[in-house]
Every structure is written in structure tokens, then in C-alpha cells.
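Data block below; observations after.
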Amino acid sequence: MRGLFHQALWIALSAVATLAGTAIVSPAQAATIVYVGNCESNDIYVFQLNRQTGELTLIEKVPLPGIIKAGGSTPMAVSPDRRLLFVATRGEPQSVFTFAIDPKSGKLNLVGSGPLVDSMPYISTDHTGRFLFAASYPGHKFTVSPIGANGVIGQTQQILENQTNAHSILPDPKNRYVLAATLGNDLVNVLKFDAKTGKLEPNAPPSVSVKAKTGPRHLIFHPNGKLVYLLGELDGAVHVFDYDPAKGQLQEKQSVNALPSGVTGRIASADVQITPDGKFLYSSDRTSNTLSSFKVSPKDGTLSLIETLPTESMPRSFSIDSSGRYLFLVGMRSHQMSSYQIDAKTGKLTKLKEYAMGKIPNWVQIIDLPGK
């Protein structure tokens, strides 16, 4: 009873304290943490997620030190053991910050920073946590960098040039192949990956083409590892592929429009995510400021549209928690994040709340803490 009284007292007192309009509470019991990167204010907002209600509580704001010039985005990646957060900066200097994640609170402690050879809108790690992949849209390249024993990124060890408007790079679930999207030439490139050395080399065949002006942007794997979903930035469609994990080969079988009717002008779709159970998929579009929901066929992984909803202004990144119950999306123009609850039966979204962010929020990363 005494412990319960102290807990209730702390919650009551914490409700009084606010920071930028968001209550601050002790994160001691946190299990799930939401990180938001703000590229203009050069900081990371750290939130604790209440899994029962979907409510977020701000834990801290962490500055990205030494930024001379802000960049267009702050892509993030988490180490496989969920103890390190990597944050890339696209301004000056172009580098990757490594933060140690406190396993109990989710708070961040800067470990150090390592160099990037260009402006990178996307980063990811291999499944051993020894190598960092990066894609450079303006530099037309993919790179591989070693991750040191202390978590700091080392000098780039491999550069793949002439990758037209490289936009994302992601290892497959078995860590044998890497898929890399190049927007400018409408390709999904497939690379063999040597997990011992970190070396990438073209697969056979080295790529698969999609229709002209698709603009391959982001891709994700189905939890079963046998399907890949690609978002076209320029056509506003989600493209579905069968994936052979033994050979690293892709076969497109469906393309589904993710835009509301009446959209005109240059399309700028942004992100695609799937629920952990593989039942529902979502995509965001910056032209129409919408968030689309799809049902994933349990038979073959094809998609059927559920609904398209208005959302934050210029939605870029969003993420889904490991329970598959909540979705969090940031708007670059609104400087806000919206939270949604996902209906487990229908996949429909119910908006829960809006949260003020820093300047130009652009990336959302959610982790379950590794614990004690």
C-alpha cells in the first residue's frame, strides 16, 4: 500500500510539472520508448508510451551537439540489441551520432559521433550490429561503415557509386542480402552481404525494375520474410513483391494506389510500415497530407485499401509499436506528432492525440527497452 501511495503521489505531482506543454514523469517503469528526430531544432524528443492508453509522456529533450548547419532530415536506426540509437545528420557536419540507451529509462547518453561521406536520408544496421548502411539521395551512393566496439561509427569502408537518387537500404531478415531502392532509375537493387566483412556485392540478377516514374523510396519486409512492400514516392502506390530469401530474388505481383482521388501535381509519398503481426499496412503521402490503411491478405500478402485519412501537414515518418496497437506520425510543416490507435480486427485508425514537437520533426523510432 505504501508503494502504491508513493506512486500515486508522484503521478499527481508530475502532472503539475510541464515542459513545452507536456507532462514530465519518472520513466522508471517505462517499457516502450518513442524517439522523434527534429532536424531544424537539432534535437531528439524522448517519450514514454503507456501501452494501456497510448498516452505519451515526455522524458527529455536531447540536443545534437556541434551542428553548424541544419539538414533536411535526421534518419535514425537502432542496434539489434536495442542499446544504441544512431542518428544521422544531413547538414554540417555530415555525421552519425551514437547514443547509449538507458535500459531502464530509455534516456539517451551521447557516446560519440562518426563520419558520413555524404548527405544520407536513410540509415540502417545489419542484424549483427557490426555495420551501418546508408543511402545518399543527392550523392547517388550507398555506403557501409563499421560500428566500433563502443558503438561509434568508423570511417566508411565501402562506397557503391552511381546509384541514382539512392533512397533507402535495408538488410533482409536473414542478413544474407540487402535491398536498396534507387528512386532516379526505378530500381530495387539486391546486394549480397558478407556479415563477417561487411562487404556488399551485386546479386544475380542485381536488381528488379518497376514501372517508369514509380520513384522507389522506402521498403519493408513482411514479418514472414517472404514478401516485400515498396512505396513509390512519385506514383503514390505500394508495390508488392514475392521474395525468395534463399536466392535474394524479387517478383512484383501487385501495385495498389495509396492516394485519395483528385490528387494533382507532383506526388511526394513518404513512408510505409506494417504491423508486427503482418495483418495491416500503412503509407503516408506529403502531397495530400494523408495516411492510408491496407488489409494484408493472409493468403498471399496482397493489399486491399481500408481507408485514407487526413493527417499532419507534410507527413514524413511514422512508426508502429511492437504490440501493433499504436501508430505515431510526424508532420514536418505542422511541427506536431499525431497518435492513433489501430483496431486489431479492422485495421482502422482512431486518432488519439496531437503532441507538439521541435522544429521540423521528420523521423520516429520506437523500441521496447531491453530491461534490467
Net charge near Lys211 (other residues with Cβ under 11 Å of its Cβ; Lys, Arg +1; Asp, Glu -1) is -2
The helix 2-16 Cα axis meets the longest alpha-carbon principal axis of the chain at an angle in degrees, between 0 and 90 and rounded to 10, of 70
Sites removed, the longest contiguous part of the chain containing no DSSP-loop GluC sites (Glu not before Pro) with at most 16 other Cβ within 10 Å is 162-372
In Å³ per residue, the alpha-carbon convex hull of region 218-278 encloses 81
Under a Gaussian network model of the chain whose springs join Cα atoms within less than 10 Å, the largest fluctuation of Val96, Val46, Val210 belongs to Val210
The answer for region 113-152, accessible area per residue at 1.4 Å probe in Å², is 30
Note to self, the chain gives a 222 nm [θ] from helices alone (DSSP H runs n ≥ 4, -39500 (n - 2.57) apiece, / all residues, nearest 500) of -1500 deg cm²/dmol
Here, trypsin sites (Lys or Arg not before Pro) of region 157-261 satisfying both criteria (DSSP loop; at most 13 other Cβ within 10 Å) are Lys174, Lys196, Lys211, Lys213, Lys247
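Please give the net charge around Ala166, taking every other residue with its beta carbon less than 14 angstrom from that of Ala166, where Lys and Arg add +1 and Asp and Glu add -1. Can you show the working numbers first?
Working: positive: Arg90, Lys141, Arg217; negative: Asp118, Glu161, Asp186, Glu233.
Around Ala166, the surrounding residues sum to -1.
Please get the size of the charge dipole for region 87-168, origin at its Cα centre, with Cβ charges of +1 on Lys and Arg and -1 on Asp and Glu, quoted in debye to the nearest 20.
Details: 5 positive and 5 negative charges, 44 e Å.
The calculation lands at about 200 debye.
Where Rh is the Kirkwood radius over the Cα pairs of the chain, the temperature 10 °C and the viscosity 1.306 mPa s, what D in µm²/s does Stokes-Einstein return?
Numbers: Rh = 20.8 Å.
Stokes-Einstein gives a translational diffusion coefficient of 76 µm²/s.
Please identify every one of the trypsin sites (Lys or Arg not before Pro) in region 292-321 that sits in a loop by DSSP and has no more than 13 other beta carbons within 10 Å of its own beta carbon. Don't skip to the answer; put the middle values down first.
On the way: sites: Lys295, Lys299, Arg316; in loops: Lys299.
Answer by residue number: Lys299.
Could you tell me what a quarter of the Cα convex hull surface of region 214-372 works out to, in nm² with one decimal place?
10.6
How much of the pair distance distribution for region 108-218 lies past 18 Å, counting alpha-carbon pairs only, in percent?
Values: 2810 of 6105 pairs.
Considering region 108-218, 46 percent of its Cα-Cα pairs are separated by more than 18 Å.
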Farthest towards the positive end of the dipole of region 214-372, among Tyr340, Leu281, Leu227 and with Cβ unit charges of +1 on Lys and Arg and -1 on Asp and Glu, lies the Cα of Tyr340
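Which net charge results for the neighbourhood of Gln251, defined as the other residues with beta-carbon distances under 9 angstrom from its beta-carbon, given Lys and Arg at +1 and Asp and Glu at -1? Intermediate results must be reported in sequence, preceding the final value.
Numbers: positive: Lys253; negative: Asp242, Asp244, Glu252.
With Lys, Arg at +1 and Asp, Glu at -1, the neighbours total -2.
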Rounded to whole angstroms and listed largest first, the alpha-carbon spread of region 34-149 along its three principal axes comes to 43, 32, 23
The percentage of the accessible area of region 220-372 (probe 1.4 Å, all protein chains present) made up of carbon and sulfur atoms, to the nearest whole number, is 48
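Report Rg/Rh for region 287-372, rounded to two decimals, where Rg is the Cα radius of gyration and Rh the Kirkwood radius.
Working: Rg = 14.0 Å, Rh = 13.9 Å.
Rg/Rh: 1.01.
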The number of Lys pairs in region 120-261 whose alpha carbons lie under 21 Å apart, excluding pairs fewer than 8 residues apart on one chain, is 16
Residue separation between Ser322 and Lys104 times 0.36 nm, minus their alpha-carbon distance, gives in nm 76.7 nm
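Counting only heavy atoms of the protein chains, get the accessible area per residue of region 260-336 (1.4 Å probe) and round it to a whole Å² value.
38
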In whole percent, the fraction of accessible protein surface over region 72-125 that belongs to carbon or sulfur atoms, probe radius 1.4 Å, stands at 45
If each part is reduced to its alpha-carbon centroid, region 123-181 and region 302-329 end up apart, in Å, by 26
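The values are calculated or read from the model by the stated rules, or taken from the named source; none is laboratory data. Computed from a predicted structure; not experimentally measured. As a convention, Cβ positions derive from the backbone with ideal geometry for all residues, glycine included, and neighbour counts pool all protein chains shown. The accessibility values were calculated without ligands, DNA or RNA, using every heavy atom of the protein model including side chains. Shrake-Rupley method; radii C 1.70, N 1.55, O 1.52, S 1.80 Å.
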